[in-house]
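This is the structure I want to talk about, given as structure tokens.
The values are calculated or read from the model by the stated rules, or taken from the named source; none is laboratory data. Worth saying up front: this structure is predicted, and the values here are computed from it rather than measured. No Cβ is skipped: glycine too gets one built from the backbone with ideal geometry, and neighbour counts run over all protein chains shown.
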Amino acid sequence: MGLKPRAGFGEIINHLLGNHSRWLASGPNSDIVISSRVRLARNLSDFPFPNRADQNQLLAIRERLFDALGQVEGFSDHWFIDMDNLSQIDRQFLVERHLISYEHTVEGIGKGLAITPDEGLSIMINEEDHLRMQVLVAGFDLYNAWEQMNAIDDSLSQLVEFAFSPDFGYLTACPTNTGTGLRGSLMMHLPALVITKQINRVLQTITQLNFTARGLYGEGTQALGNMFQISNQACLGYTEEELLEGIKRLGHQIIEQEQSARERVLRTSRVMLEDRIWRAYGLLRNARIMNSAEAFEYLSMVRLGLDLGLIKDVDLKLINDLFIIIQPAHLQKISKRRLSSRQRDIKRANILRSRLNCEDMVADTDEEGKDNV
């Protein structure tokens, strides 16, 4: 079939933990736009949607798609993962790396995942649709993401037949995705709009324009670290290019508003802003216990300080990586054991101190080491 042997999930996790995600690199307007994503929803024409398929059909769908993907040019280095036996922590780990959705963490037979080692491409099998394919790139670069995704979609369509209607376009489990099946999104860092209390007005405008703003991990999640996902709502009645152009225009408008808010804060409240940024940096480098929400907020402030040139001795790549590795499942994978909430808060602070102070990791304390989950 041309498939890469399915690596053990522990091997995959070890690679990902030591890997700098491609979409966290520097890119166009990456001071505000962390990443651009294009996602396509597709279904096979000869199977029911996942919510109507039985277990045997779900398994057959996964095998057919793994087989087809293995024949797509450039897929020889991809990992193909059966998700049936993954633990909840393993699934959460994949969510934290933006490789799968929360919906895909729900246990069920026949779920699968194909990912590239650089994490730029991930394909969920038997989530809401048979296929949810996404390309993630760094910065404000939607059309680059679309070109990559379109090439994969074209290649795959030569190997399997997608459910398609001449009247409605690509058919999907949820009517809101019917048509192109395309969702484009921008992950945007908007701390100045939050600080100046303009963010609610901006989010209301986004909704009125028929776009949606979500949290760090998409639908139903919080905007941790002043991160917001901006995406289109409609898929039907537009071409892919029209959808992407709409998101692009909106993205430029939000960038301008965030830049204006940053300039205003620097001009009118510079000392307050500097104090907030340096306090955040000091806490990250010295705290012994820190929860997720605190860490994201402080990392957001340090990132803003770097973007504005107020902090100069910190590597932006390190800050971007810390946003990922301080999350709950990552902390437990790094520790190689389950951790209680308090143990995670201690481990998180330990990692932040060691990375930001360029020191070796402090040995686990007795309190952190006790597994009382």
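Among the residues of region 31-41, count how many are within 16 Å of G120 (Cα to Cα) and either in a loop (DSSP other than H, G, I, E, B) or not β-branched (V, I, T) (or both).
Going through region 31-41 one residue at a time, the tally reaches 5.
Another question about this same structure. For region 68-102, name all the residues that are farther than 13 Å from F9 by Cα, of a type in the set (S, T, N, Q) and assigned to a loop (DSSP other than H, G, I, E, B).
Residues satisfying the conditions are S76, S101.
Next up: In region 309-343, what residues are in a helix (DSSP H, G or I), polar (S, T, N, Q), out of contact with any Leu (no Cβ under 6 Å at 6 or more places or on another chain) and surrounded by fewer than 22 Cβ atoms within 10 Å (Cβ to Cβ)?
S335, S341
Continuing with the same structure: When S155 is evaluated against the numbered criteria (1) touching a strand residue (DSSP E or B) at 6+ places or on another chain (Cβ under 9 Å); (2) outside any strand (DSSP E or B), which criterion, by number, is the only one it fails?
(1) is the only condition that S155 fails.
Just to be sure I understand the filter: pairs with C-beta atoms under 7 Å, separated by 6 or more residues or on different chains, first member in region 158-171 and under 13 Å from L40 (Cβ atoms), second member modelled with pLDDT under 95 and among the hydrophobic types (A, V, I, L, M, F, W, C). Which pairs pass?
G169/L236
With respect to F140, determine if the residue is over 23 Å from H20 (Cα atoms) and touching a residue at least 60 places away in the same chain (Cβ under 8 Å).
So F140 fails the test.
While we're looking at this one, here's another question. Residues in region 273-290: is at least one over 25 Å from I346 (Cβ atoms) and in contact with a strand residue (DSSP E or B) (Cβ under 8 Å, 6 or more places away or on another chain)?
For region 273-290, residues over 25 Å from I346 (Cβ atoms) and in contact with a strand residue (DSSP E or B) (Cβ under 8 Å, 6 or more places away or on another chain): absent.
Residues in region 5-50 that are hydroxyl-bearing (S, T, Y) and farther than 30 Å from E161 by Cβ: how many?
4
Among what's in region 28-73 and is among the basic types (K, R) and more than 17 Å from I100 (Cβ to Cβ), pick the residue that is surrounded by the most Cβ atoms within 10 Å (Cβ to Cβ).
Here the residue is R64.
A quick yes/no check of all residues on (1) closer than 29 Å to R97 by Cα; (2) surrounded by 20 or more Cβ atoms within 10 Å (Cβ to Cβ); (3) hydroxyl-bearing (S, T, Y):
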| residue | (1), (2), (3) |
| --- | --- |
| F164 | no, no, no |
| C174 | yes, no, no |
| L182 | yes, yes, no |
| T212 | yes, no, yes |
| Q229 | yes, yes, no |
| N232 | yes, yes, no |
| E241 | yes, no, no |
| E245 | yes, no, no |
| E263 | no, no, no |
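Within region 294-308, does at least one residue satisfy the condition of being under 25 Å from the mean Cα position of the chain (by Cα) and assigned to a loop (DSSP other than H, G, I, E, B)?
Yes, the conditions are met somewhere in region 294-308.
Turning to a different aspect of this structure: Starting from region 326-353, take each residue that is over 22 Å from H98 (Cα atoms) and list its partners that are among the small types (G, A, S) and not in a helix (DSSP H, G or I), counting only C-beta distances under 7 angstrom and pairs at least six apart or across chains.
Here the result reads A349/A287, each pair linking region 326-353 to a residue that is among the small types (G, A, S) and not in a helix (DSSP H, G or I).
Related question: Inside region 175-284, counting only strands (runs of 3 or more DSSP E) that do not spill past its ends, which hold 2 or more residues that are touching a helix residue (DSSP H, G or I) at 6+ places or on another chain (Cβ under 9 Å) and polar (S, T, N, Q)?
Result: 227-232.
Quick grid of which residues meet (1) more than 30 Å from I326 (Cα to Cα); (2) in contact (Cβ under 8 Å) with a residue 40 or more places away in the chain:
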position: Q55; (1), (2): yes, yes
position: I61; (1), (2): yes, yes
position: D77; (1), (2): no, yes
position: M83; (1), (2): no, no
position: Q88; (1), (2): no, no
position: V95; (1), (2): no, yes
position: S101; (1), (2): no, yes
position: L113; (1), (2): no, no
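When the residues of region 222-239 are filtered to those that are more than 18 Å from R303 (Cα to Cα) and of a type outside the set (A, V, I, L, M, F, W, C), which remaining residue is modelled with the lowest pLDDT?
Q222
For the condition surrounded by fewer than 22 Cβ atoms within 10 Å (Cβ to Cβ), at positive phi and within 14 Å of the chain's Cα centre (by Cα), what is the one hit in E103, E119?
E119
Pick from region 338-373 the residues that are more than 24 Å from D315 (Cα to Cα) and of a type in the set (S, T, Y): which of them is modelled with the lowest pLDDT?
Checking each candidate, the answer is T365.
Counting just the residues of region 7-25 that are over 18 Å from the mean Cα position of the chain (by Cα) and not aliphatic (A, V, I, L, M), which one comes out surrounded by the most Cβ atoms within 10 Å (Cβ to Cβ)?
F9
Restricting to region 159-193, give me the number of residues that are closer than 22 Å to R262 by Cβ and within 21 Å of the chain's Cα centre (by Cα).
6
Would you point out the residue of region 257-289, among those that are out of contact with any Gly (no Cβ under 6 Å at 6 or more places or on another chain) and among the β-branched types (V, I, T), that is farthest from R353 (Cα to Cα)?
Taking the candidates together, the pick is T268.
Continuing with the same structure: Please state which one of R39, R22 is under 27 Å from P117 (Cβ atoms), charged (D, E, K, R) and at pLDDT below 95.
Step by step, each of R39, R22 is checked, and only R22 is under 27 Å from P117 (Cβ atoms), charged (D, E, K, R) and at pLDDT below 95.
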